[in-house]
Amino acid sequence: MTQPPVEHQAEQKFRVHGLFRVPDLHNVEGVGSVDDLGSVELESAYFDTDDLRLTREGVTLRRRTGDDEGWHLKLPADLSTPDVRDEVRLPLTTGEDAAPDELAQIVRVIVRGSAVTRVSTLRTYRRRLRLHDAAGGAIADLVDDTVHVVGEDGTVTARFRELELEERAGGDALAVVAAALNSAGAVGGEFVAKVVRALGPAATSPPEIHVPRSLWHHDATGPGDPSRLALLVHAMRSADLTYRLDSEAASDALGRLADTADQLLDRISEPQEFIPADQVKALQAELSWLTGELKATAEPAGAPTRAPRALDSQRYLALHEALVSAVGAEHRWLTTV
């Protein structure tokens, strides 16, 4: 399984008004110098399903021209820290109006059979600053973006402005810079992607697998897990994404996927007030099939990972579709009892 390189990205976003002035950062503790890298114009086309399934999961899939060109896929590195994301990049030559297969394959467990098309276009005017420490090392990039939301007819339908502070090296200076921006009137503390602001309320709807915040740090595959079906299905999806995203972690991800499928099978086998008996039997049969396929391709520790064919099958995607439906049924049942 060939995978494009992955870049770990940590950034903070700040809302600002049109007349906001970036403060002088030269005297901020930990900042030795600030370079003005000039201004650029860029255009970003965002791709998603009709129900904005990727956006609602905190996933960004875009095609950018003008600066920082290429196809970019960004996924939350951890559910509880949305401002830290893994980014996969491919060159523009891989496609124009359809997402490259290499990126679509990574998120196929979320997209499944739904079409992915352009849902928004943003035109951004960006000013770039690079912050260095006293030794001259780059510690962060600060970008000041004025964003225009472009309609299908090419007209501008909305406009907003935001700052992004992206880490380039570890250290305490970033927090001090963020505090200086806050003091100047920038509003931080909430990570909202540009496309989410552009798409409006529909983009902020709950994801199709909603895990309560109180359960984010539970171990979904551990014994005696107190959580319900949604957490297990989410853990299964996370393992699948890791398997497709990170070749070095693929073996561990397959192990987690198999363990979680086993846990799901146990959970489904318990009495389920919210799932009809025939659907329970179907889920049991498909989860048993999957665990068997995963165990059949298991390798000894340290051996090269073999990609199970089952994970690229329509049967596997149909299982995820059924699990998402079961999670929705459980959620509706829990909200009425």
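Does E41 satisfy being open to solvent by 40 Å² or more (accessible area, probe 1.4 Å), in contact (Cβ under 8 Å) with a residue 40 or more places away in the chain and in contact with a Phe, Trp or Tyr (Cβ under 6 Å, 6 or more places away or on another chain)?
yes
Within segment 6-35, track down each residue that is over 16 Å from R168 (Cβ atoms) and in a strand (DSSP E or B).
Going through segment 6-35, the residues over 16 Å from R168 (Cβ atoms) turn out to be 6, 13-24, 26-27, 29.
Within segment 6-35, V6, K13, F14, R15 meet the criteria.
The single condition among (1) free of Cβ contacts under 8 Å to residues at least 60 places away in the same chain; (2) farther than 28 Å from S205 by Cα; (3) not β-branched (V, I, T) that L61 does not meet is (2).
Can you tell me which of T55, T81 is at pLDDT below 90 and either open to solvent by 30 Å² or more (accessible area, probe 1.4 Å) or not in a strand (DSSP E or B) (or both)?
Values: T55 fails: at pLDDT below 90.
Going through T55, T81 in turn, the sole match is T81.
If you check E293, E270 for being modelled with pLDDT under 90 and more than 30 Å from D145 (Cα to Cα), only one passes: E270. When segment 196-249 is limited to residues that are among the β-branched types (V, I, T) and modelled with pLDDT under 90, the one that is surrounded by the most Cβ atoms within 10 Å (Cβ to Cβ) turns out to be I209. Scanning segment 6-25 for any residue that is surrounded by 12 or more Cβ atoms within 10 Å (Cβ to Cβ), on the phi > 0 side of the Ramachandran plot and more than 30 Å from the chain's Cα centre (by Cα) turns up nothing. The residues listed here are A322, A282, A235; of these, the one that is under 25 Å from D86 (Cβ atoms) and assigned to a helix (DSSP H, G or I) is A235.
Restricting attention to segment 168-195, which residues are open to solvent by 30 Å² or more (accessible area, probe 1.4 Å), within 25 Å of the chain's Cα centre (by Cα) and either within 20 Å of V59 (Cα to Cα) or of a type in the set (A, V, I, L, M, F, W, C) (or both)? Across segment 168-195, the qualifying residues are A169, A175, V187, G189, E190, F191, V192. With respect to (1) within 30 Å of the chain's Cα centre (by Cα); (2) modelled with pLDDT under 95; (3) buried (at least 16 other Cβ atoms within 10 Å of the Cβ), the lone exception for V31 is condition (1). Only one of the listed residues (D67, D86) is over 30 Å from S183 (Cβ atoms) and touching a Lys or Arg at 6+ places or on another chain (Cβ under 8 Å). That residue is D86.
Yes or no, residue by residue, for (1) surrounded by fewer than 19 Cβ atoms within 10 Å (Cβ to Cβ); (2) assigned to a strand (DSSP E or B); (3) aliphatic (A, V, I, L, M):
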| site | (1), (2), (3) |
| --- | --- |
| I110 | no, no, yes |
| S114 | yes, no, no |
| T124 | no, yes, no |
| R130 | yes, yes, no |
| A134 | yes, no, yes |
| D141 | yes, yes, no |
| H148 | yes, yes, no |
| G154 | yes, no, no |
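The values are calculated or read from the model by the stated rules, or taken from the named source; none is laboratory data. Keep in mind that what you see is a predicted model, and the values were worked out from it rather than measured. Backbone-built Cβ (ideal geometry, glycine too); neighbour counts: all protein chains shown. The area values use the complete protein model at the heavy-atom level, side chains included, leaving out ligands, DNA and RNA. Shrake-Rupley method; radii C 1.70, N 1.55, O 1.52, S 1.80 Å.
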